[in-house]
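S.K.: Before anything else, here's the structure in question.
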Amino acid sequence: MASSQSKALYWTVVVLRLIVGGVFAYAGYLKLREPWALFAMGIDSYHLIPFRFVEPLARTLPAAEVAIGLWLMTGFWPRIPSALISLLLMVFFAAMVHAKIAGQQIDCGCFGPGDPISKWTLLRDGSLLAASLLVTWQAFRRSPKKS
Amino acid sequence: MKLYAALLLVLLPCLAAIPEVDKNKAVGSPTAPVRLEVFSDFTCPHCRHFHEEVLPQLIKDYVVNGKMYIVDRAFPLQGHNFTREAFGYAVAAARIGKYQPVADALYAQQANWAVNGNVWGVVAAVLSPADQKKVQELSKDPGVQAEIDAEFREGVDSGINQTPTLILTANGKRFPLPPAPDYRLLKSMIDGLLPK
């Protein structure tokens, strides 16, 4: 019974790892297809980051999302990518909640332009964050050799 | 014949993606490589800031050298008093080539007419008596309201829910921009879209 439960948890985490990594990589890919300045405007619209950091972030974050997302999907050393994704998703989610509370009518910027912050985007990113935290927790609970 | 049909099939989606413009509400050359559509409302303070601070800079940097074509689009916000009337006069003034002075006056005097409702007083002050008569008559033309409605619908269809919203078009691709972008980022975006 305990074995079948742990097997179910194992496969759940594998599936979630693929989903979280895949979504993260896809989000980065969509941003890479657009001009970097468009994503920079999206970051700047949150008014949370000093302007001098906006351009470097806009130029590097999409490629990093693709790289970390693909890394998590491979299952190789999952502690690092899962922790990084969880950390990034916590920052993104906090920024979105802050914007929503402040009444800012801005795009989430999660999957490129045209995605205004709403209850739906918060639910979507919140679910992704919950899945990512579960994957991270499991990655740290297991032996580093196993995924 | 087959070649023409194929070309038409390829070009039609591009033509559909770039809506018709009222040339009297535009500045620059229609053949410029980048087009900027500005969906704005005469009662919106951010639109006033854009019109008075950002637009002259864009004209200086990109319109005078033929790199950009800027088109004003009507996006009258719901629940804002007198904005429809203001757009009616502005579009009517556009029909006699007087859009820019009327738009400038409406933004400059925004704080007054948006409160006291004396829209016509502001518009009349920048027109000759003959032009005043023409604008009064044209503003009653159903075609003027139809143009405002069409541009508003176009904005809604493009996902616009606030003003000013800027949409850049280059190489047949449209880029709706986040609200009130920093000018340095806007410049980087435009420079990136211009042919090298």
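S.K.: Helix A:2-33: angle to the longest alpha-carbon principal axis of chain A, degrees 0 to 90, nearest 10?
M.R.: The answer is roughly 20 degrees.
S.K.: Moving to a separate point now. Looking at chain B as a GNM with Cα springs under 10 Å, which of B:40, B:128, B:139 has the largest mean-square fluctuation?
M.R.: Among B:40, B:128, B:139, the largest mean-square fluctuation in the Gaussian network model of chain B belongs to B:128.
S.K.: Which of the trypsin sites (Lys or Arg not before Pro) found in the stretch B:108-190 are in a DSSP loop and have at most 15 neighbouring Cβ atoms, other than their own, within 10 Å?
M.R.: B:140
S.K.: Let me ask something additional. Using only alpha carbon pairs under 8 Å that are at least six residues apart, calculate the relative contact order of the stretch B:51-196 and give it in whole percent.
M.R.: Computed over the stretch B:51-196, the figure is 22 percent.
S.K.: Hey, another quick one. Could you bin all the Cα-Cα distances of chain A into 5 Å bins starting at 0 and give me the percent of pairs in each, rounded to whole numbers?
M.R.: All Cα pairs considered, the percentages come to 2, 10, 18, 21, 18, 13, 9, 5, 3, 1, 0, 0.
S.K.: Next question, about the same structure. So what is the relative contact order for chain A, in percent, with contacts set as C-alpha pairs under 8 Å and at least six apart?
M.R.: For chain A, the relative contact order is 31 percent.
S.K.: Which one of A:50, A:78, A:116 has the biggest mean-square fluctuation once chain A is modelled by GNM with Cα springs under 10 Å?
M.R.: Result: A:50 has the largest fluctuation of those listed.
S.K.: Tell me the net charge near residue B:100. Cut-off is 11 Å between Cβ atoms, residue B:100 excluded, with +1 for each Lys or Arg and -1 for each Asp or Glu. Display every interim value, and only then the final one.
M.R.: On the way: positive: B:25, B:98; negative: B:72, B:104.
That works out to 0.
S.K.: Relative to the longest principal axis of the C-alpha atoms of chain B, give the angle of the C-alpha long axis of helix B:142-157, reported between 0 and 90° and rounded to the nearest 10°.
M.R.: Taking Cα atoms only, the helix is inclined about 50 degrees.
S.K.: Turning to a different aspect of this structure: Neighbour counts of other C-beta atoms within 10 Å: give me B:63, A:13 arranged from fewest to most.
M.R.: In increasing order of surrounding Cβ atoms, one gets B:63, A:13.
S.K.: Hey, another quick one. Ranked by Cβ crowding within 10 angstrom, fewest neighbours first, how are B:75, B:152, B:39, B:82 ordered?
M.R.: B:82, B:152, B:39, B:75
S.K.: Tell me, what ³J(HN,Hα) does each residue in the stretch A:59-76 have, in order and in whole Hz, if you take phi through Karplus 6.51 cos²θ - 1.76 cosθ + 1.60 with θ = phi - 60° and put x for Gly and Pro?
M.R.: Each residue of the stretch A:59-76 in turn: 7, 10, 4, x, 5, 5, 4, 4, 5, 5, x, 5, 4, 5, 5, 5, x, 7 Hz.
S.K.: Still on this structure, I have one more. Run the simple label-point estimate for residue A:60 and residue A:14 please: 7 Å along Cα→C-beta, distance reported in nm.
M.R.: The two pseudo-label positions are separated by 3.5 nm.
S.K.: Take chain B, compute every pairwise Cα distance, and split them into 5 Å bins from 0; I just need the percent in each bin.
M.R.: 1, 7, 15, 19, 19, 15, 10, 6, 3, 2, 1, 0, 0
S.K.: How large is the translational diffusion coefficient of the stretch A:82-147 in µm² per second when you combine the Kirkwood radius over alpha carbon pairs with Stokes-Einstein at 20 °C and 1.002 mPa s?
M.R.: 167
S.K.: Separate question: Considering only the other residues whose Cβ falls under 12 Å of the Cβ of residue A:44, what net charge follows from Lys and Arg at +1 and Asp and Glu at -1?
M.R.: Taking every Cβ under 12 Å from that of residue A:44, the sum is -1.
S.K.: At 0.36 nm per residue, minus the direct Cα-Cα distance, what do residue A:97 and residue A:137 gain on full extension? Give it in nm, one decimal, please.
M.R.: 12.0 nm
S.K.: I want to verify the translational diffusion coefficient of the protein assembly as shown in µm²/s; compute it with Stokes-Einstein, Rh as the Kirkwood radius over Cα pairs, at 20 °C and 1.002 mPa s.
M.R.: Result for D is 93 µm²/s.
S.K.: What's the exposure ranking of A:80, A:68, A:19, A:85, going from fewest to most Cβ atoms within 10 Å? All intermediate terms of the calculation are to be shown ahead of the outcome.
M.R.: Working: A:80 13, A:68 21, A:19 17, A:85 27.
In increasing order of surrounding Cβ atoms, one gets A:80, A:19, A:68, A:85.
S.K.: For the stretch B:116-196, calculate the relative contact order in percent as a whole number, restricting contacts to Cα pairs under 8 Å that are 6 or more residues apart.
M.R.: After rounding, I find 14 percent.
S.K.: Could I ask something else about it? Taking every residue in B:40-47, how many Cβ atoms of other protein chains lie within 10 Å of its Cβ, on average?
M.R.: 0
S.K.: Also, quick follow-up: How long is the gain from residue B:150 to residue B:61 if the chain were fully straight, where each residue apart is worth 0.36 nm and the alpha carbon distance is subtracted?
M.R.: 29.0 nm
S.K.: Starting at the first residue of the stretch B:184-196, write each ³J(HN,Hα) from the Karplus equation 6.51 cos²θ - 1.76 cosθ + 1.60 with θ = phi - 60°, in whole Hz, x for Gly and Pro.
M.R.: Result, ordered by residue: 5, 6, 4, 5, 4, 4, 5, 4, x, 8, 6, x, 6 Hz.
Read the figures in this text as sums done on the coordinates, not as results from a lab. Keep in mind it's a predicted model, so treat the numbers as computed, not measured. Neighbour counts run over all protein chains shown; Cβ positions are idealised from the backbone, glycine included.
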